[in-house]
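First the structure, in the form of structure tokens, and then the observations on it.
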Amino acid sequence: MKSEMMVLCNKKESLFKSVPIVLSFFEKELLLTTITSEKQKELVEKKKNEVKEAGKGLLKRAFAGINALNDYAKKLEDMTKEEILKENTTNIQLSDINSIKFKKSIENYDLDTNSNSSTVGKIIIKTANEKIKFTHKYEDLKNEKKKFFKNLL
């Protein structure tokens with residue numbers, strides 16, 4: 001069975017360090033797949049090699065790694081729960097979650113100053129034992145993710 005919803009986020013580990021995490025929501029549980037720095041390097045190298053084998057130039061190879069995390073998240077989206085659990089994954093039963101708050105990311109453009117500003121989105125998951133905070137870049141223009149989280153518990 002595939003996940004109902006997949007979200008690529010970041011979790012702050014220290015003052016200057018955050019780690020990418022893919023949240024996979026299934027019917028009765030949430031899987032948190034941490035993408036370690038070693039895994040990130042592996043994904044970027046693999047992507048660069050794919051571009052090189054396709055005969056693309058040096059510039060395309062240099063930028064190939066940018067989408068490696070998104071490609072990995074999409075790969076996880078097509079996996080079953082059992083396959084995802086073989087990755088660097090922990091799980092939380094949905095029955096153990098007290099609340100989930102979702103705030104979308106906002107991108108603003110100021111015509112007067114010709115400048116962009118953005119606010120990162122947040123996901124806050126509260127259980128009886130902990131409060132887990134994530135940041136993301138989903139603008140959620142159709143409120144699909146917000147509706148999903150509202151109806152999840």
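Bear in mind that the values in this text are calculations on the coordinates, not laboratory data. Note that the structure is a prediction, hence the values are computed from the model and not measured. Note: ideal-geometry Cβ built from the backbone for every residue, glycine included; neighbour counts use all protein chains shown.
General observations
- Counting only DSSP H runs of at least 4 residues, each contributing -39500 (n - 2.57), and dividing by the residue count of the chain, the helix-based mean residue ellipticity at 222 nm comes to -9000 deg cm²/dmol.
- Percent of alpha-carbon pairs separated by more than 25 Å within the stretch 5-152: 38 percent
- Pair Ser14, Val44: separation of 7 Å Cα→Cβ label points (nm): 1.9 nm
- Euclidean distance of C-alpha centroids, the stretch 84-151 and the stretch 22-47, integer Å: 16 Å
- Most fluctuating residue given options Leu85, Leu94, Leu141, as computed from a GNM of the chain linking Cα atoms under 10 Å: Leu141
- Simple label model, 7 Å out from Cα along Cβ direction - Met1 to Lys75, nm: 2.5 nm
- One chain, two ends: Ser99 and Glu139. Fully extended at 0.36 nm per residue, the span grows by 12.3 nm beyond their Cα-Cα distance.
- Candidates Phe134, Phe63, Phe25: whichever shows maximal mean-square fluctuation once the chain is modelled as a Gaussian network with Cα springs under 10 Å: Phe63
- Loop-located GluC sites (Glu not before Pro) in the stretch 3-59, at most 11 other Cβ atoms within 10 Å (DSSP): Glu4, Glu13, Glu27
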